[in-house]
Amino acid sequence: MNHSFQLQVQAIIATSFRQRHFSFSSSYTASRVSFSSFCYGRNSEMEEVKVASDFLVGDPALLEKKIDAIRSGGPQKLQVIADFDATLTKFSVNGTRGQTSHGLLQQGNPEYDAKRQQLYEYYHPLEFSPTIGLEEKTKLMEEWWGKTHALLVEGGLTYESITQSVANANIAFREGVSELFEFLEERDIPVLIFSAGLADIIEEVLRQKLHRSFKNVRIVSNRMVFNDNGSLESFKGKLIHSLNKNEHALDMAAPVHERFGDLDGPTDDNASLKKRTNVLLLGDHLGDLGMSDGLNYETRISMGFL
């Protein structure tokens, strides 16, 4: 997908559009289509976005029905649920594999960095093994995440290490992410970033790479608890790994701007999010399809990034 991330997603949200979509469905007939995107400007006047590309869609007719339903429901019924690593961020950065919110972290303790790398080398192939059943694989992921979190606590991770790790990281947002968030914020459409990574690192990446906060963005991820000295003491709430991401963990969602402290005014609380029953779901992993499981949605369009 070579065009701006904003253009990929923005047109789905606007009142009149045609947009690329990749179905996560395991069995489908792929259609390759050229399109033009349209979106609303700030004054609700139609602005043509001049972009033509190809997209794959399992059922074009069904997609059109979903688009019509979301259009009819309006922005007040829509929410965007997005994975973070390799979805909002780039898979490849400067010609190499981009780092994840877990992978970029350097504790400042080589012994514990090496221990976490050993866990990665053991468990990562199991995560994508075609011969391991879902139930067994889920237990393995719980083991991996639990052991990794324990090493972060035991190894004395500090918030200063997080800040420095992000500054040195090979990580970047897809082009247009900031503009997309702004587009959604202007229309009071919430964005729920659902990640099996680390919430505190995601917030620091947003701070250092986008240089601003958004009142409509909330994060559901593994959140750290630091003591007064800035050292990690524990993790808060339910453990989230790659295979259990769903909105049952919505009570863990926190607005990003609370950490920035530079915005005032109310935001959508978690109860109101559940009333937004039209969903645009963005991910790069089959497990990401579960991010909307806890939501009784009416219409969902899922977009997969390869």
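Every read-out reported here was derived from the displayed coordinates using simple, explicitly stated rules and does not represent laboratory data. The structure presented is a predicted model; accordingly, all values stated were derived computationally and were not measured. Positions of Cβ are backbone-derived with ideal geometry, glycine not excepted, and every protein chain shown enters the neighbour counts.
For the range 132-231, the alpha carbon convex hull comes to 144 Å³ per residue, rounded to a whole number. If you wrap the range 178-249 in the convex hull of its Cα atoms and look at it from every side, the mean projected area works out to 5.7 nm².
Dividing the alpha-carbon radius of gyration of the range 52-204 by the rule-of-thumb value 2.2 N^0.38 Å gives 1.28. Placing a pseudo-label 7 Å from each Cα along the Cα-to-Cβ vector at Asp228 and Leu210 gives an inter-label distance of 3.4 nm.
Placing dummy labels 7 Å off each Cα toward the beta-carbon, the span from His124 to Ala61 is 4.4 nm.
Taking 23 Å as the limit for the C-alpha separation, the pairs Lys139/Lys236; Lys65/Lys275; Lys77/Lys238; Lys90/Lys139; Lys238/Lys274; Lys139/Lys245 exceed it in the case of Lys77/Lys238; Lys90/Lys139.
So between Thr277 and Val153, what do we pick up on full extension, going 0.36 nm a residue minus the alpha carbon distance?
Residue separation times 0.36 nm, minus the Cα-Cα distance, leaves 40.8 nm.
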